[in-house]
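A quick write-up on the structure given underneath.
The values are calculated or read from the model by the stated rules, or taken from the named source; none is laboratory data. Given the structure is predicted, the values throughout are model-derived calculations rather than measurements. Cβ: placed from backbone, ideal geometry, glycine included. Neighbour counts: every protein chain shown.
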């Protein structure tokens, strides 16, 4: 319960992460009957990822690609080349359909569209939010993961090359599951926000302050 007047929330964490992002070109598509129970839910359409509307588009983008990881690579490259990444431009979550129609979006929006297309190909996909070391300007970041070859792999359409530095703090079907906070009542927005991510020897240090 927030009392009347100004208040501040802050947190600091030290985390250990891998130096590199695992990649596996050629990793096999996993048939639905062989998926773990906890993965099946990431095949279904969700609030911001209307995967039932992208089948023909996804098939065209991935034509000739090996089923599985290589299809997702093709989708990610298409997003990077086609949807203009515009950081700090949108404060309202929009659906994959809206992102595709307007041709631009923030990291969350590119992830929604990538997730929708992957699911339309029966590849489980989930939204991930967290921090990315070296991101400019620094802010909460979003990317997506897909389940192929018997495990989850990270994809980020906002980056030209994959490198280490991802600090995951939440997983969900889309942005509705991993909002940084939820409000009940009239919407209020932070007066100021500061996020710092720095490398300290091996760990990545993250801190967030909201006033």
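Listed here are the residues, each with its yes/no results for (1) part of a helix (DSSP H, G or I); (2) at pLDDT 95 or above.
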site	(1), (2)
90	no, no
98	yes, yes
101	yes, yes
110	yes, yes
113	yes, yes
119	yes, yes
123	no, yes
126	no, yes
129	no, yes
- line: Scanning region 54-86 for residues that are in contact (Cβ under 8 Å) with a residue 60 or more places away in the chain, crowded, with 16+ Cβ neighbours inside 10 Å and more than 22 Å from residue 22 (Cα to Cα) gives 54, 57, 58, 83, 85
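Condition check ((1) under 29 Å from residue 50 (Cα atoms); (2) out of contact with any strand residue (DSSP E or B) (no Cβ under 8 Å at 6 or more places or on another chain)) across all residues:
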| site | (1), (2) |
| --- | --- |
| 111 | yes, no |
| 133 | no, no |
| 145 | yes, no |
| 149 | yes, no |
| 166 | yes, no |
| 170 | yes, no |
| 178 | yes, no |
| 189 | yes, yes |
| 196 | no, no |
- prompt: Taking the stated definitions as given, is residue 180 at pLDDT 90 or above and under 17 Å from the mean Cα position of the chain (by Cα)?
  reply: no
task: Please state which of the following conditions residue 94 fails to meet, knowing it meets all the rest: (1) touching a strand residue (DSSP E or B) at 6+ places or on another chain (Cβ under 9 Å); (2) more than 22 Å from residue 172 (Cβ to Cβ).
output: (2)
query: Among the residues of region 53-71, how many are closer than 9 Å to residue 117 by Cα and part of a loop (DSSP other than H, G, I, E, B)?
result: 1
query: For region 180-197, which residues satisfy the criterion of being within 21 Å of residue 12 (Cα to Cα), without any contact (Cβ under 8 Å) to a residue 40 or more places away in the chain and in a loop (DSSP other than H, G, I, E, B)?
result: 181, 182, 190, 192
